[in-house]
1. Kindly state, to the nearest 0.05, the FRET efficiency for N22 paired with D85, given R0 = 45 Å and r defined as their beta-carbon distance.
2. Roughly how big is the chain's charge dipole about its Cα centre, with Cβ charges of +1 (Lys, Arg) and -1 (Asp, Glu), in debye to the nearest 20?
3. Rg/Rh for the chain to two decimals, with Rh computed the Kirkwood way over all alpha-carbon pairs.
4. May I ask you to rank V161, V76 by accessible area, largest first, using a 1.4 Å probe over the protein chains only?
5. Per residue, how much accessible area does the chain show when a 1.4 Å probe rolls over the protein heavy atoms, in square angstrom?
6. If I3, I115 are ordered by their accessible area, calculated over protein heavy atoms with a 1.4 Å probe, which sequence runs from highest to lowest?
Amino acid sequence: YSIAWTATEGFTLFQIVADPGNEIAEYSETNNAAVKGITVGEAAPQPNLTLSILDTPVLDEDGASSLLTGHVAVLVQNVSGRALDHSTDLILYEDLNGNGTLDGESELVLAQAVIPALLAFGSVEQTLTVSELLSYPEARLAIYVDSGNLIQESDETDNNVLLRPFCQLGSTIT
């Protein structure tokens, strides 16, 4: 048996009674009821993942082939009071159209890692290592966490960071 109940903020007392009219002969008629109080409060916020670059990444390009090599240290934080209950992806990619999102197969993934489930206000450091040919030397590079937006977050607009609008070939990214 089930009932529909619309929860409202505050305290509600539920009482469940079996055989309320005592129509069934029983050894004890004193154990047919149960009482349970429920407090409904403000819902916990959704997780919210943010990214930051931990140090100045050193990425080098071979000018002859546009081969990009190097490491980028990234901090992924859950800045919410609600835990992230499953893993997600972290991707370094060419943001060819400059829109800050990973657009399927049209943009080249240069490096990726798995970010584990995070506690409320938890964080993890991850180093992405890249050794890939760029589509073209001036390609914009960006990093995205939860690229498929599989995790429902309180703010979906802070999941990426632009790594560079590109500098000269063979130089250090600043």
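The values are calculated or read from the model by the stated rules, or taken from the named source; none is laboratory data. Keep in mind that this is a model prediction, so the values were computed, not measured. Cβ placement follows ideal geometry from the backbone for every residue including glycine, while neighbour counts extend to all protein chains displayed. With ligands, DNA and RNA removed, areas are computed over all heavy atoms of the protein, side chains included. Shrake-Rupley method; radii C 1.70, N 1.55, O 1.52, S 1.80 Å.
1. So, using R0 = 45 Å, E works out to roughly 0.45.
2. On the way: 4 positive and 25 negative charges, 64 e Å.
Computed about the Cα centre, the dipole is about 300 debye.
3. Looking at the chain, the ratio lands at 1.33.
4. Working: V161 35, V76 0 Å².
Greatest to least solvent exposure: V161, V76.
5. Numbers: 10470 Å² over 174 residues.
Result: 60 Å² per residue.
6. Values: I3 115, I115 0 Å².
My answer, sorted largest first, is I3, I115.
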